[in-house]
1. What relative contact order, as a whole-number percentage, does the range 217-289 give when Cα pairs under 8 Å and 6 or more residues apart are counted?
2. Once the piece of chain linking residue 172 and residue 21 is laid out straight, how much longer is it, given 0.36 nm per residue of separation minus the C-alpha distance between them?
3. In the chain, what % of DSSP beta bridges are antiparallel (nearest 5)?
4. Suppose a student asked you for the relative contact order of the chain, using Cα pairs under 8 Å spaced at least 6 residues apart; what percent would you report?
5. Calculate the tail of P(r) for the range 188-277: the fraction of all Cα-Cα distances greater than 20 Å, expressed in %.
6. So if the hydrodynamic radius of the range 7-137 is defined as the Kirkwood radius over C-alpha pairs, what does Stokes-Einstein give as its diffusion coefficient at 25 °C and 0.890 mPa s, in µm² per second?
7. Which one, 53, 77, 29, is farthest towards the positive end of the dipole of the range 7-137 when Lys and Arg carry +1 and Asp and Glu -1 on their Cβ?
8. Which loop trypsin sites (Lys or Arg not before Pro) in the range 51-118, with loop taken from DSSP, have no more than 14 other Cβ atoms within 10 angstrom of their Cβ?
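FYI, it's all coordinate maths here, none of it is from the lab. If you're wondering where the values come from, they're calculated on a predicted model, not measured in any experiment. For neighbour counting, all protein chains shown are included, and Cβ atoms are generated from backbone atoms with ideal geometry for every residue, glycine included.
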Amino acid sequence: MSSPLVLALRPSSHDDDDDVLRVLAAREAHDFGLAEFIRGFLLERWREQRFRPEADAVVAHDGDVVVGYAGLFEQGALVFVDPGHERQGAGSRLREWVEAQAEERRRSHHRQVIAHENAGAHALLAAAGYQQVRSVIQMAKALDAAAPAPPPPAQITLARLNLPADGRALHLADTASFAGNADFEPSSFESFDQEHLQSPHLDLELSRVARRGGAIVGFTLCRRQPDGTGYVDLLAVDPSERGRGLGTSLLLTAFECFARAGLREAWLDVASDNARGLRLYDRAGMSERLRVDVYEKPVQYTAAGEPASGPATGS
């Protein structure tokens, strides 16, 4: 018979990275059968200059053993517990910590993502007043031969990504493209640059910028992943250019570039309420591989501006 969990929380540090990734690998293997979806998101967040582990994350531990993690990022909270330590209070403690931090930082919503198949996490968040607002779906397509992509619409040219010259124009084009999405939140150029343009896996040769005259009207930011796959990080089309085949041309050009580079698979992430994107990726022969569900709960503040749950407290 196992001993009861003696749970404590403490601020995270980069010294915990290996232990946190071990717990996450066990979580993803349990939920997905492979360790790919959330790991990539977490590594990207850790790489960002604005992330401070001692202030933005905690680990749950039983003695010297790390059994859970919670981090609050610009995109929302990430909380996970080792499958072998579920139903012992760690998930609730970690959730309470990120909620207190979100309130202290004046966030409008509490937001968490959990694996679609993690029934325990669904029940935990529902009991805490969260509601599912959308899913994020990972779609993939195996690549064989380098099939030629259709050309872009008339008077639009596709060219290799040029950084840093294209950087700020890409940020503006990204905002124009995604402003109508339900989950869109404006970001500064610095945040866009850190999250997308400074990725160590961004490949300028695989990415494309679409121009009509001198104006950017669409683009792809593509990454060459260490596992030999190609990831479409962003595919954006200006609203004025939609319905003319530019999105299809950009996507299939990425597939062609991936195949010519010897990459075995193309994949991307898409929100479940992005109907236009889902139709495009389905027509291109992509299929769902994994999904996570996004849960939200509005932060309630009193008339005096204090969190309705009371003063924010740490771990």
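1. On the way: 84 pairs, mean separation 21.7, N = 73.
That works out to 30 percent.
2. Numbers: separation 151, 0.36 × 151 = 54.36 nm, distance 3.45 nm.
Stretched out fully, the residue 172 to residue 21 stretch lengthens by 50.9 nm.
3. Details: 59 of 62 bridges.
In the chain, approximately 95 percent of DSSP beta bridges are antiparallel ones.
4. Values: 528 pairs, mean separation 70.2, N = 315.
RCO, the chain: 22 percent.
5. In whole percent, the share of Cα-Cα pairs in the range 188-277 beyond 20 Å is 38.
6. Estimated via Stokes-Einstein, D reaches 165 µm²/s.
7. In the range 7-137, that residue is 77.
8. Listed in order of number, the matching sites are 87, 105, 106.
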